[in-house]
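Here's the structure we're looking at; comments come further down.
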Amino acid sequence: VGPLSKSFWCELAWLGGPAPAAGVVIEVDDGRITAVTAGHEVPPAGAERLDGLVVPGFANAHSHAFQRALRGLTHGGSGSFWTWREQMYALAGRLDPDDVLVLTRATFAEMALAGVTLVGEFHYLHHGPGGVPYVEPNVLGAAVIAAAADVGVRLTLIDVCYLHGGIGAPPEGAQRRFCDRDVDAWAARASALAGSAMVRIGAAIHSVRAVDPAAAAAVAAWASERAAPLHAHVSEQPAENEACLAAYGATPSAVLAQAGAMSPRFTAVHATHVTDADVALLGAAGACCCLCPTTERDLADGIGPARRLRDGGVRIALGSDSNAVIEPLEEARAVELDERLATGVRGRHGARDLLAAATRGGYESLGWAGGGVIAPGAPADLVVARLDGVRLVGVPPAERIGALVFAGAAADVTDVVVGGRFVVREGAHVSLDVAAELERALAR
Ligand SMILES: [Zn+2]
């Protein structure tokens, strides 16, 4: 399919201001926005009509798609992050490449229905049972790329370096499937991955538990040479901080800074239990933190210090992480609402800040700078939310952004456009029966 020149007329569109603009025409050429003008009372000839409220596409900056298969199986139990992790390992140990393709496609399709136009898949399931490499060493990464293409969403495949079962401990059980032989083997495999118009390749240091400081420095250098996004799980759990302090005499953030990981391309995932000095390091580097509030709640991790991070100059992105639920607007409002519960203070993050984290913040974190906004030059990635449904009908015009963020749901998403093409139309995926895809994937 060749270049695509077209235009959309939006009844209302959020262009970054306090209230949506009315009668917005968005012109698109070859998947990018070329012009945005407001005040058109009726759609120009040939324009696609988008009724409702149009916002930039949501970026899901941290996903483990396969963990979608744990939904409903793990949430009611007792225990902690560490007992949940054993259940996750049992699942990871069983998946073959076809399972990964089918499950990832179904999960990405659920994300698309919720308005996600860009996924950052933190991909660490690399090898066969027992850690034996596949004949095609990137067969599972290729399955993730194929899944995103089938669904029609943009992807940053964040290839994860994972070497140890814990600090100073060899990998055990399913962890062997995550591990390359050493950091050079990781780099050789990751270097064979290729991006495309819809796919970017990033790197990750899984955590200070799974990657030693010397290897972390090598991963950081690999990402730096390619100007690629670099992510790491950071301080999700107090026990991780304690083990890191005991082994290295420094916090995970300090160890990663020492390894050269911190830069504007760096995203610390979670950052739930960070010190003021950690925040200063992240802020000075111009780094991003990706909060995953619905997963952090589910795993009893704690509440990420989003206000403290933002005050320290750290940018915020959002992720669905374990995919226990896929509700980008819930991730966004949870940043504010969870802090209200913890502090007794309201209004630490405004609706526009939260919506920016769900959109532009994630695009930046995933290496698509300039995306996640409705402006010339940005990818033409759009989400349409209905305003005539039970949750949002009747809201005064000036309050519609706040209402969407604090009361909207995936069920309000009617249409999703990626690169100027419809991926979701009138509440349904254009080519996939998403519930049937999920049922089939989960049955396996
Ligand atoms: Zn994660």
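The values are calculated or read from the model by the stated rules, or taken from the named source; none is laboratory data. These numbers come from a predicted model, not from an experiment. In this analysis, Cβ positions are derived from the backbone assuming ideal geometry, glycine residues included, and neighbour counts consider all displayed protein chains.
Between Ala142, Ala174, the distinction of being modelled with pLDDT under 95 and among the small types (Gly, Ala, Ser) belongs to Ala174 only.
Among the residues here, His164 does not qualify as of a type outside the set (Asp, Glu), touching a strand residue (DSSP E or B) at 6+ places or on another chain (Cβ under 7 Å) and either touching a residue at least 12 places away in the same chain (Cβ under 8 Å) or assigned to a helix (DSSP H, G or I) (or both). Take Val36 and decide whether it is within 27 Å of the chain's Cα centre (by Cα), assigned to a strand (DSSP E or B) and among the aliphatic types (A, V, I, L, M). Criteria met by Val36.
Residues in segment 225-270 that are more than 16 Å from the ligand (Cβ to nearest atom) and not in a helix (DSSP H, G or I): Ala227, Ala228, Gly249, Ala250, Thr251, Ala259, Gly260, Ala261, Met262, Ser263, Pro264, Arg265.
Restricting attention to segment 20-62 and to residues that are of a type in the set (Gly, Ala, Ser) and within 16 Å of the ligand (Cβ to nearest atom), the residue that is surrounded by the most Cβ atoms within 10 Å (Cβ to Cβ) turns out to be Ala61. Set side by side, the residues Ala190, Ala204, Ala257 differ, and just one is more than 30 Å from Asp150 (Cβ to Cβ) and modelled with pLDDT of 95 or more, which is Ala257.
If you check Val219, Val211, Val269 for being within 21 Å of Gly312 (Cα to Cα) and buried (at least 24 other Cβ atoms within 10 Å of the Cβ), only one passes: Val269.
Residue pairs whose Cβ atoms lie under 6 Å apart, sitting 6 or more positions apart in sequence or on different chains, and linking a residue in segment 316-331 that is within 16 Å of Leu366 (Cα to Cα) and modelled with pLDDT of 95 or more to a partner that is within 13 Å of the ligand (Cβ to nearest atom) and of a type in the set (Gly, Ala, Ser), are Ala317/Ala61; Gly319/Ala61; Ser320/Ser63. Every condition in (1) more than 21 Å from the chain's Cα centre (by Cα); (2) within 16 Å of the ligand (Cβ to nearest atom); (3) not in a helix (DSSP H, G or I) holds for Leu91 except the one numbered (3). Filter segment 66-115 down to residues that are more than 19 Å from Val325 (Cα to Cα) and touching a strand residue (DSSP E or B) at 6+ places or on another chain (Cβ under 8 Å), then give me how many there are. Total meeting the criteria: 0. Select from segment 415-425 the residues that are within 23 Å of Glu330 (Cβ to Cβ) and either surrounded by fewer than 20 Cβ atoms within 10 Å (Cβ to Cβ) or touching a Ser or Thr at 6+ places or on another chain (Cβ under 9 Å) (or both) and list them in ascending order. Answer for segment 415-425, where residues must be within 23 Å of Glu330 (Cβ to Cβ) and either surrounded by fewer than 20 Cβ atoms within 10 Å (Cβ to Cβ) or touching a Ser or Thr at 6+ places or on another chain (Cβ under 9 Å) (or both): Val416, Val417, Val418, Val423, Val424. For first residues located in segment 290-306 and at pLDDT below 95 and within 12 Å of the ligand (Cβ to nearest atom), partners that are assigned to a loop (DSSP other than H, G, I, E, B) and among the acidic types (Asp, Glu) and lie 6+ apart or on another chain with Cβ distances below 6 Å form the pairs Asp301/Glu236. Provide a single number: the residues in segment 23-34 that are touching a residue at least 24 places away in the same chain (Cβ under 8 Å), of a type outside the set (Lys, Arg) and in contact with a Pro (Cβ under 9 Å, 6 or more places away or on another chain). Counting residues in segment 23-34 that are touching a residue at least 24 places away in the same chain (Cβ under 8 Å), of a type outside the set (Lys, Arg) and in contact with a Pro (Cβ under 9 Å, 6 or more places away or on another chain) gives 5. Residues of segment 325-371 that are in contact with a Phe, Trp or Tyr (Cβ under 6 Å, 6 or more places away or on another chain) and in a loop (DSSP other than H, G, I, E, B): Gly371 alone. Going by what's in this entry, would Ala324 be described as more than 22 Å from Asn241 (Cβ to Cβ) and within 16 Å of the ligand (Cβ to nearest atom)? Judged against the criteria, Ala324 is a match. Being over 22 Å from Ile26 (Cβ atoms), in contact with a helix residue (DSSP H, G or I) (Cβ under 7 Å, 6 or more places away or on another chain) and at pLDDT 95 or above, is that true of even one residue in segment 411-428? Within segment 411-428, not a single residue is over 22 Å from Ile26 (Cβ atoms), in contact with a helix residue (DSSP H, G or I) (Cβ under 7 Å, 6 or more places away or on another chain) and at pLDDT 95 or above. Would you mind stating whether Glu296 is touching a Ser or Thr at 6+ places or on another chain (Cβ under 7 Å), in a loop (DSSP other than H, G, I, E, B) and under 17 Å from Phe122 (Cα atoms)? No.
Taking the criterion of being within 16 Å of the ligand (Cβ to nearest atom), of a type in the set (Val, Ile, Thr) and surrounded by fewer than 24 Cβ atoms within 10 Å (Cβ to Cβ), no residue of segment 104-144 qualifies. Any residue at all in segment 372-385 that is free of Cβ contacts under 8 Å to residues at least 24 places away in the same chain, part of a loop (DSSP other than H, G, I, E, B) and surrounded by fewer than 17 Cβ atoms within 10 Å (Cβ to Cβ)? For segment 372-385, residues free of Cβ contacts under 8 Å to residues at least 24 places away in the same chain, part of a loop (DSSP other than H, G, I, E, B) and surrounded by fewer than 17 Cβ atoms within 10 Å (Cβ to Cβ): absent. Please state which one of Glu339, Glu331 is buried (at least 24 other Cβ atoms within 10 Å of the Cβ) and over 24 Å from Ala21 (Cα atoms). That would be Glu331, the only listed residue that is buried (at least 24 other Cβ atoms within 10 Å of the Cβ) and over 24 Å from Ala21 (Cα atoms).
Counting only residues that are more than 16 Å from the ligand (Cβ to nearest atom) and either touching a residue at least 12 places away in the same chain (Cβ under 8 Å) or assigned to a helix (DSSP H, G or I) (or both), segment 70-85 holds 3 of them.
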